[in-house]
1. Computed from these coordinates, which is Rg/Rh (Cα atoms, Kirkwood Rh): (i) 1.06; (ii) 0.97; (iii) 1.00?
2. Run the numbers on the chain and let me know its relative contact order in percent, using alpha-carbon pairs under 8 Å that are six or more apart.
3. For the chain, modelled as a GNM with alpha-carbon contacts under 10 angstrom, which of ASP17, ASP33, ASP112 fluctuates the most?
4. Determine the sum of side-chain charges near CYS80: Lys and Arg each +1, Asp and Glu each -1, restricted to other residues whose C-beta is under 9 angstrom from that of CYS80.
Amino acid sequence: MGRRIVGPFPGLQNLPDVDVNTADDLDILERMDVLNQCLAEAGCNCVGHAKGLQEAADDPGSKHRDEYFGGDISELVCRCTPHDIDGRDSDGAVVQVSVRIKIETLTVEVDDNNELCAWTYEES
């Protein structure tokens, strides 16, 4: 199977920051929707999409998994808010550093079925 990189996505450029600790729920959901729309426009599918299509043909009541990437997108949007992680300084000592995902750098790796295999992004 071949894999390819999709992104960065034009719809994620120049978005204002959303702090999940202080933002209105609708603002957070809107950001999640923007990310979902970018993936949909690029033709990205969830893992199991191709299998789900076959299962749906065999059993019309079946569905593939998380077709809207809900869990992953929620985590990505939350991690766009600065948060502390443990890191190491140049001497190897454990230090806390504040990082956030730079959502404008998001790319995804997809397989031959356009099923998403990996999320890649820069952190500040």
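Coordinate-derived values only; no laboratory data. Values in this document were obtained by computation on a predicted structure and should not be read as measured data. Virtual Cβ from ideal backbone geometry, glycine too; neighbours counted across all protein chains shown.
1. The value matching this structure is (i).
2. 33
3. ASP112
4. Result for the neighbourhood of CYS80: +2.
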